[in-house]
Amino acid sequence: MRRAAAGDPEASRVPAHLTLLGSTEIDDDDLPAIDRHLISVAARHEPFTLLLRGTGTFRPVTQVVFVAVAAGISQCERLHRAMRSIPATLRPQRFPYHPHVTVAQDVPPAQLDAVFEDLAGFQASVPVTEFTLFEHGQDARWKEQRVYPLGGSWSPSVSDWRP
């Protein structure tokens, strides 16, 4: 909703999220091993609370304004590191991992400034009990493929996606 209000052209295609592992091209043959890896990662990490507070920006490097993570950073970093050991070839990271929730990207500077100011006092506490694997479809939308509950509470009925 905030991305759309900021005029972000990706707002309708990108669900609100905090990225743990950036987009990665995966061969279909690798999906079963990746699925097993993600089940293992989820089982080894306990649920936690994410505190989102205030705004930040990556300007001038990239034209992004985000809601900042004030608590839960180390848990996100541990999940990120565990996921990077995924059994697939990952592209090199362009930037160090920094957990955040993007609210505006690649919009005119005045719109970036407006969303930065508008959400400066924002605060929310979010229980994190799972992470989700998404697929970037041919329609340029991100679609949920499978949910991985944290703490080993895996249930195959969580999703009908079959690797």
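Here, each number is a calculation from the coordinates, and none is a lab measurement. For clarity, every value in this text was computed on a predicted model and none was experimentally measured. Methodologically, a virtual Cβ is constructed for each residue, glycine included, from the backbone with ideal geometry; neighbour enumeration extends over all protein chains shown.
The table for this structure:
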read-out	value
Cα long-axis angle, helix 73-84 against the chain (0 to 90 degrees, to the nearest 10)	50
Over the chain: helical MRE at 222 nm, DSSP H runs n ≥ 4 each giving -39500 (n - 2.57), nearest 500	-7000 deg cm²/dmol
Fraction of alpha-carbon pairs over 19 Å apart in the chain - percent	59
Net charge of neighbours whose Cβ lies under 12 Å from the Cβ of Ala6, counting Lys and Arg as +1 and Asp and Glu as -1	-4
